[in-house]
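For reference, the structure discussed in these notes is given below.
The values are calculated or read from the model by the stated rules, or taken from the named source; none is laboratory data. Small disclaimer: the values here were computed from a predicted structure and weren't measured. Virtual Cβ from ideal backbone geometry, glycine too; neighbours counted across all protein chains shown. Just so you know, the surface numbers come from the protein's heavy atoms only, side chains and all, with ligands and any DNA or RNA stripped out. Shrake-Rupley method; radii C 1.70, N 1.55, O 1.52, S 1.80 Å.
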Amino acid sequence: MRSDCIPQRSSGLTFRDVSVSYAGRPVFSGVSFTIPAGGFACIIGPSGCGKTTVLRVAAGLVTPSSGSVHFADQALGRPRRDMAVVFQDYGRALLPWRSVAGNVSLALEAAGIPRPERADRIHELLKTVGLRDHARKYPGQMSGGMQQRLQIARCLAQEPRLLLMDEPFGALDAMTRQSLQDEILSIAASRDMTVLFVTHDLEEAIYLGDQVIALDANPGRVDRVIDVALPAPRDQLTTREDAQFVRLRRELHGLMHKEAA
Ligand SMILES: Nc1ncnc2c1ncn2[C@@H]1O[C@H](COP(=O)(O)OP(=O)(O)OP(=O)(O)O)[C@@H](O)[C@H]1O
Ligand SMILES: [Mg+2]
């Protein structure tokens with residue numbers, strides 16, 4: 001995307017001409033995109049092209065070598081209270097010695113929510129992610145899908161305005177994955193969050209996103225930003241059969257395989 005296409009101010013997430021190098025080796029350069037406030041953008045691209053690095057820059061964990069990153073019209077330079085990150089490796093993100101309720105409570109404690117208010121909030125959050133009846137279990141007693149739901153509940157407890165997700169459903173079976181896709185869409189819509197979601201899965205990117213940012217490797221850069229105008233709410237059967245969905249899948253598949261061709 002050309003940087004002159006990008007609005008000068010945005011209340012969403014804006015990358016403007018961002019370059020990152022690790023130990024002098026460039027990962028990507030000139031990355032520019034804007035996710036409007038409340039928008040849902042998915043990043044796709046070949047392994048090693050820098051998807052996780054884009055997310056780490058947005059999280060304030062990696063400092064770009066040049067360019068600027070803004071969220072809600074403020075420069076991003078360090079982790080913010082109104083952002084939450086869902087990692088792929090949910091096992092390591094949870095505290096095994098705390099119960100399900102205790103893991104969610106942690107985020108509320110960090111936010112200074114008084115104890116009497118916490119129980120109701122925990123109950124509500126666990127209901128949202130379908131874990132209402134599992135509050136007393138420990139992470140080790142739950143399936144991968146349930147642990148990932150718990151990590152999402154913990155992130156939602158922070159009431160983030162910006163939610164960053166790095167291949168969060170990558171290790172899950174197809175059924176669990178689809179149900180979490182629908183949950184995250186409905187949660188994002190009801191809370192007006194801006195979401196940046198990394199995935200390897202082209203269909204997942206089209207299904208979830210209202211924007212798909214396709215990265216290229218060697219050199220790392222934005223290859224294309226595609227708007228997805230599929231109607232909401234999305235539906236696992238009808239959305240995937242929609243002519244636009246099929247056309248976009250073909251287009252993205254062509255982009256991802258052009259080097260192999
Ligand atoms: N901490 C680091 N130090 C040095 N190089 C790194 C570091 N993190 C990532 N890299 C390199 O930067 C490049 C981009 O890595 P990144 O993890 O962002 O890719 P990715 O697109 O997320 O890949 P994948 O799809 O495999 O998760 C890779 O070449 C990787 O080896
Ligand atoms: Mg990655």
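Figures for the structure shown
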{"read-out": "Residue that is surrounded by the most Cβ atoms within 10 Å (Cβ to Cβ) [pool: residues in the range 64-92 that are closer than 13 Å to Leu13 by Cβ and of a type in the set (D, E, K, R)]", "value": "Arg80"}
{"read-out": "Residue selected from the range 131-153 under the condition out of contact with any His (no Cβ under 7 Å at 6 or more places or on another chain) and not in a helix (DSSP H, G or I), by the criterion least open to solvent (accessible area, probe 1.4 Å)", "value": "Leu131"}
{"read-out": "Of all residues making up the range 120-130, the number that are in contact (Cβ under 8 Å) with a residue 12 or more places away in the chain and either among the polar types (S, T, N, Q) or assigned to a helix (DSSP H, G or I) (or both)", "value": "6"}
{"read-out": "Helices (runs of 4 or more DSSP H) wholly inside the range 160-248 that include at least 1 residues being open to solvent by less than 70 Å² (accessible area, probe 1.4 Å), among the hydrophobic types (A, V, I, L, M, F, W, C) and at pLDDT 90 or above", "value": "174-191, 202-208"}
{"read-out": "Thr238 being out of contact with any helix residue (DSSP H, G or I) (no Cβ under 8 Å at 6 or more places or on another chain), of a type in the set (Val, Ile, Thr) and more than 30 Å from Gly30 (Cβ to Cβ)", "value": "yes"}
{"read-out": "Some residue of the range 204-215 being out of contact with any Lys or Arg (no Cβ under 9 Å at 6 or more places or on another chain), within 15 Å of ligand 1 (Cβ to nearest atom) and under 30 Å from Asp82 (Cβ atoms)", "value": "yes"}
{"read-out": "Lone qualifier among Leu61, Leu95 - being open to solvent by 60 Å² or more (accessible area, probe 1.4 Å) and either at negative phi or assigned to a strand (DSSP E or B) (or both)", "value": "Leu61"}
{"read-out": "Subset of the range 58-87 [within 16 Å of ligand 1 (Cβ to nearest atom) and closer than 21 Å to Gln151 by Cα]", "value": "Ala58, Ala59, Gly60, Leu61, Val85, Val86, Phe87"}
{"read-out": "Residue within the range 25-38 that is over 17 Å from Arg56 (Cα atoms), modelled with pLDDT under 90 and away from ligand 1 (no atom under 16 Å from the Cβ) present", "value": "no"}
{"read-out": "Yes/no for Tyr90 being away from ligand 2 (no atom under 16 Å from the Cβ) and among the aromatic types (Phe, Trp, Tyr)", "value": "no"}
{"read-out": "All positions within the range 27-40 that are within 16 Å of ligand 2 (Cβ to nearest atom) and closer than 26 Å to Leu185 by Cβ", "value": "Val31"}
{"read-out": "Scope the range 33-91; condition more than 30 Å from Tyr138 (Cα to Cα) and of a type in the set (Ser, Thr, Tyr); matching residues", "value": "Thr34, Ser47, Thr53, Thr63, Ser65, Ser66, Ser68"}
{"read-out": "Among the candidates Thr52, Thr14, residue that is open to solvent by less than 70 Å² (accessible area, probe 1.4 Å), within 16 Å of ligand 1 (Cβ to nearest atom) and polar (S, T, N, Q)", "value": "Thr52"}
